[in-house]
Structures are given as C-alpha cells and as structure tokens.
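Here is the structure we will look at.
Read-outs: derived from the displayed coordinates by stated rules, not from any lab. On a predicted model such as this, the values are computed, not experimentally measured, just so you know. Here the Cβ positions follow ideal geometry from the backbone for every residue, glycine too, while neighbour counts run over all protein chains shown.
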Amino acid sequence: MGMPVAHAVASGMCGVRAAGDLVARMQITRGMRIRAAKAYVAERLGVTPGDLSDPLAMADVRGERQLGRITTFESTYPTESSALEAKFRIGKLLDLPINCVRRFRERAGVV
Amino acid sequence: MVQVADGMWAAGADGIDFDTAGAAGDADFLATLRAVEKVRAAHPDMGIQVGMAGEFVLGMHGELEYDGVRLAGLRPREQMELVRRAGATVFGPAVNVNSRKSGAWNIARTLTLVKPCSDVAEIPVHMNVGMGVGAVPMCSYPPLDAVSRASRACVDILRLDGL
C-alpha cells in the first residue's frame with residue numbers, strides 16, 4: 001500500500017474523487033497527452049483545468065452531473081447514478097465510446 | 001497476446017497493458033509490436049499501453065527490425081516512436097535502477113534517459129516508477145520519501161502524463 005499512496009499524494013489527480021478517471025479515459029482511449037486531455041475534460045465540465053484535481057470542487061460537479069462519486073453506492077444514495085449508470089453519462093459527456101456500456105446496450109437490447 | 005486482448009475486449013475492458021515488453025530482448029519487443037498492430041486493427045477504440053522492461057532493448061537476436069528500424073539497442077525515445085507507429089495509445093518507459101548507487105543518482109539517470117522521449121512524445125507517456133525501476137529503490141516496500149521524490153521529479157521535470 002505504501003508506494004501507491006506515496007505516488008497518489010506526490011503527483012496524483014485523486015482519481016474518481018476528483019476527475020482523474022475522466023482525464024485518464026481521454027489519454028487511454030484517444031491517446032491525448034495530459035495537457036490536452038485536461039483542457040478537453042475541463043471544457044466539457046465547464047470548469048478550469050485546476051479544478052479537475054480538487055476533490056471538493058469535483059464532488060459537487062460529479063454529483064450535479066451524476067458522474068459517480070466514490071462515496072456513492074446504491075445502498076447509501078439510491079437516487080444517484082453509480083457504477084455502470086455513471087459510465088453511460090461519462091461516455092455521453094466526453095463523447096467517448098466506452099466498451100462495457102456498448103456491451104451492456106447490446107446484451108440488454110437497449111438502443 | 002492477441003487472444004488475451006480479444007477476450008478482455010469481449011468481457012468489457014477499456015484497454016490492455018502489455019507490460020515489461022522486450023524483457024527477453026528484441027524478438028520479445030517485435031512480437032509485442034506485431035500484437036499491438038493486430039489488436040488495434042481488430043479493436044479501433046481499445047486503449048493499448050505498452051510498458052517496457054528496460055531503458056535498452058537487448059539484442060538477443062541482434063538483427064530484428066520493425067518498420068525498417070533495428071530493435072536492438074533502442075532507447076526510450078526510439079522505443080516510444082515504434083510503439084506509437086504500431087498503434088498503442090500510451091507508452092511506458094522503464095529505467096532500471098543501479099542498486100549500488102544513491103536515490104539521487106538514480107533519479108538523475110532516469111530523468112536523463114527519459115527526457116528525450118517525453119519531450120517529443122505524441123502519445124501519453126506513463127512511466128514505470130516502482131520497485132526497481134524509475135529511481136524507486138529495489139525492494140518490495142520502498143521507502144516513502146524515496147518514492148515521493150522520484151514521483152515528483154518525474155512529473156515536474158519530465159512533464160509525464162501518468163505514472
């Protein structure tokens with residue numbers, strides 16, 4: 001546990017607590033470098049690139065847009081999107097194909 | 001490698017990481033590059049990361065080429081260019097530590113070897129910074145002060161896209 005925590009504190013973006021997962025998706029799927037990926041995600045969310053690493057700011061933004069939060073589960077917040085529901089919204093927000101969402105649509109017969 | 005990637009994609013994965021590419025030398029690296037080509041052709045939206053085994057592709061064969069470039073002896077900058085050409089979306093350079101030298105010495109060496117790569121990269125560079133590579137000491141539970149210094153130095157000086 002020690003090494004990942006040291007990396008997260010020294011140079012991380014806080015993952016799902018902030019917008020690290022959204023920036024990572026643009027890098028992994030679109031091959032964008034981090035500056036371009038941050039600018040794209042910030043523009044889509046209507047925030048500044050600096051806000052993307054701020055867990056307090058992003059908790060509100062993610063909650064408003066139903067993008068999933070690390071404290072949100074079906075049992076604790078039954079009216080909010082989490083897990084795959086949030087991925088549907090993330091794919092639409094970022095205009096990004098998400099494989100598991102596409103699979104879910106195919107298998108559930110959802111257009 | 002292709003079969004595993006196909007299976008992961010069918011199961012809903014966002015992407016795949018070919019880790020420690022080139023660990024067995026130039027033929028190993030060539031196989032990885034060819035696998036990346038096939039996976040990219042089959043799954044255009046799949047995230048593909050290629051992480052290297054070291055800062056120098058060993059010439060176990062010596063004359064193998066990819067896209068007209070001899071693989072033996074390639075450094076991170078040239079490794080990254082071939083990985084990009086093959087169709088990967090993320091490149092992970094690796095620099096092995098010299099366990100007889102200090103943390104500062106290893107950080108300086110790591111930065112020197114990767115800087116030419118991160119400066120010109122057209123795809124994200126997610127460097128390997130863990131036990132025994134990327135200036136992190138060679139032990140299962142590396143000291144946190146050494147990890148945080150290596151981590152911060154890589155991000156600030158190399159302008160990395162990820163670790």
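Compute the helix-to-body angle for A:83-94: its Cα long axis versus the longest principal axis of chain A, expressed 0 to 90° and rounded to tens. Between the helix axis and the principal axis of chain A, the angle is about 70 degrees. Inter-chain neighbour count for B:146-153: the average number of beta-carbon atoms from partner chains within 10 Å of each residue's beta-carbon is 5. Taken about its Cα centre, the protein assembly as shown carries a charge dipole of roughly 260 debye when the Cβ of each Lys and Arg holds +1 and the Cβ of each Asp and Glu holds -1.
Listing A:92, B:115, A:87 from the residue with the fewest other Cβ atoms within 10 Å to the one with the most, what is the order?
Details: A:92 11, B:115 15, A:87 22.
With the fewest neighbours first, A:92, B:115, A:87 line up as A:92, B:115, A:87.
Bridgeable aspartates and glutamates around residue B:115 (alpha carbons under 15 Å apart, same-chain partners fewer than 8 residues away excluded): B:55, B:78, B:81, B:156, B:161.
Equivalent ellipsoid semi-axes for the protein assembly as shown, as square roots of 5 times the alpha carbon gyration tensor eigenvalues: give them largest first, rounded to whole Å. It would help to have the intermediate numbers written out before the result.
Working: eigenvalues 215, 119, 48 Å².
Listed largest to smallest, the semi-axes of the protein assembly as shown are 33, 24, 15 Å.
Just B:153, B:94, B:104 to compare: in a GNM of chain B, with alpha carbon springs under 10 Å, which one fluctuates most? Maximum fluctuation in the GNM of chain B, among the listed residues, is at B:104. Measuring r between the beta carbons of residue B:144 and residue A:35 and using R0 = 35 Å, the FRET efficiency lands at 0.80.
Peptides B:71-82, A:2-13, B:124-135: what's the order by average Cβ count within 10 Å, highest mean first?
Details: B:71-82: 20.4, A:2-13: 17.7, B:124-135: 23.3.
Packing order, densest peptide first, comes out as B:124-135, B:71-82, A:2-13.
For segment B:93-163, the alpha carbon convex hull comes to 68 Å³ per residue, rounded to a whole number.
Once the piece of chain linking residue B:13 and residue B:67 is laid out straight, how much longer is it, given 0.36 nm per residue of separation minus the C-alpha distance between them?
On the way: separation 54, 0.36 × 54 = 19.44 nm, distance 2.90 nm.
Using 0.36 nm per residue and subtracting the Cα-Cα distance, I get 16.5 nm.
In a shell of Cβ-Cβ distance under 10 Å around residue A:68, excluding residue A:68 itself, what net charge do Lys and Arg (+1) and Asp and Glu (-1) give? Spell out each step's value before the answer.
Numbers: positive: A:62, A:65, A:69, A:87, A:89; negative: A:21, A:80, A:85.
Taking every other residue near residue A:68 into account, the sum is +2.
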